[in-house]
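Read-outs throughout are calculated quantities, based only on the coordinates presented, and are distinct from any laboratory measurement. From a predicted model like this one, the values you see are computed outputs, not experimental measurements. FYI the Cβ positions are ideal-geometry reconstructions off the backbone, even for glycines, and counts take in every protein chain you see.
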Amino acid sequence: SRTDYVRIVEVGPRDGLQNEKQSIPVSTKIELVNRLAQTGLRTIEAGSFVSPKWVPQMANSSEILEHVLNNTPQSPHPITYQWLLPNVRGLDNFLSLLHSKTPSGQDAYPTPPPSPGTGEGPALNSSSQTPSAPIHELSIFTAATEAFTQKNTNCSIAESLKRFEPIMARGKEMNLKVRAYISVALGCPYEGPNVDPHKVAELAVSLLEMGADEISVADTTGMGTAPKTAELLKTLSAAGIEKGDLALHFHDTYGQALVNSVVALEHGIRTFDAAVGGLGGCPFSPGATGNVATEDLVHTFHSLGLKTGVDIEKLAAIGEWISQELGKADESRAGKATLAQ
Ligand code: HMG
Ligand code: MG
């Protein structure tokens with residue numbers, strides 16, 4: 001039925017890798033995107049167009065975009081690629097590539113299929129492996145506290161919203177969906193664990209009014225707990241925000257990501273961000289560890305009788321492979337257990 005499909009936004013190639021100290025070869029990043037495209041995942045955040053002075057690891061995202069445009073990763077269904085950008089400069093860099101690589105006469109911006117969250121889940125077992133035209137979306141980001149916004153983007157929250165106006169306008173013109181992140185929604189590394197849920201709601205309302213298609217509410221620090229998550233979701237709902245306009249983005253720093261995800265599920269949320277192998281961390285959130293592992297989230301959702309369309313065995317193998325490539329431990333419990341079976 002319409003409510004038993006959960007959409008996973010795989011953020012491993014961007015949120016997962018951006019904090020790695022060693023420069024990761026672009027070939028590894030491309031291989032990660034290619035492999036993820038084979039798992040049944042439908043939405044992949046593949047890179048960011050931010051200042052390389054601020055996040056050097058993402059400097060070669062343009063090569064990943066070029067790869068997606070020139071050699072669309074094989075998948076049985078169209079994949080939506082999301083690209084994070086902080087300002088018009090990032091949007092210009094993104095669009096110039098998108099335009100230069102789109103053959104004339106071809107629709108650069110195919111209309112996205114209906115969101116699975118609002119209708120029947122997608123066909124899960126399509127066997128054809130013909131490349132499908134990728135769909136591109138923009139991701140913008142602000143935060144629920146002034147201190148974090150300054151550290152992350154060198155501006156105030158109000159200034160960050162101002163920066164989004166031209167991005168949103170151009171995005172709409174080009175028929176590109178725009179997702180907006182609100183970071184540190186359940187705890188801030190600079191202002192502490194008690195972030196005002198009303199501030200998050202106020203920001204979410206502003207972003208939706210501005211034209212955002214989806215708000216990803218992010219627990220950047222992993223300070224979220226079950227009661228705090230419930231309180232935040234109630235506050236968002238009381239502010240008139242529809243569940244279908246929200247995604248939840250948990251980090252597992254305190255081991256609460258799955259608990260919080262189930263709380264969010266119970267509140268009707270059906271879109272969740274996660275990173276394969278539990279990759280990740282934010283360069284501007286000291287001590288923050290990885291995102292919730294996609295394998296763990298998929299395992300939990302399947303155990304509840306929900307559908308994700310994702311093949312957990314394939315995902316687990318990718319989690320192990322990329323962890324080895326990065327010389328770090330695979331942080332997914334369900335991934336490791338699946339491989340050990
Ligand atoms: P700034 O230093 O105030 O701005 O940075 P600037 O205009 O002076 O730019 C500095 C330099 O970067 C200049 O180069 C610009 O040209 C260049 P120079 O003239 O010195 O040679 N520049 C750019 N280059 C490429 N692409 C661009 C771009 N913009 C400027 N788009 C700025 C302000 C917003 C640019 C900077 O703070 C920035 O890039 N921040 C991004 C930080 C970031 O990526 N953080 C991680 C993502 S957010 C996150 O992880 C949280 C999330 O996952 C959810 C969660 O878990 O919370 C989303
Ligand atoms: Mg994150």
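Brief remarks follow.
- Packing, taken as the mean count of other beta carbons within 10 Å per residue, orders the peptides 267-278, 11-22 from highest to lowest as 267-278, 11-22.
- Computed from the alpha carbon atoms alone, the convex hull of the range 1-102 holds 119 Å³ per residue.
- Largest to smallest principal axis extent of the C-alpha atoms in the range 254-310, angstrom: 36, 22, 17
- Based on Cα contacts under 8 Å between residues 6+ apart, the chain shows a relative contact order of 20 percent.
- Pairs exceeding 30 Å between alpha-carbon atoms, taken from K151/K228; K162/K314; K21/K336; K172/K243; K53/K177: K162/K314.
- Principal axis analysis of the Cα atoms in the range 188-249 yields extents of 30, 21, 18 Å, listed in decreasing size.
- Kirkwood-type hydrodynamic radius, the range 215-341: 14.9 Å, calculated from all non-identical alpha-carbon pairs.
- Where only DSSP H runs of four or more residues are counted, the chain gives -12000 deg cm²/dmol as its mean residue ellipticity at 222 nm, each run worth -39500 (n - 2.57).
- For the range 12-61, the relative contact order is 49 percent, taking Cα pairs closer than 8 Å that sit 6 or more residues apart in sequence and dividing their mean separation by the residue count.
- Considering only the Cα atoms of the chain, their convex hull presents on average a projected area of 15.4 nm².
- Nonlocal amide H pairs with H251, under 5 Å, H built at 1.01 Å: D219, G222, V292
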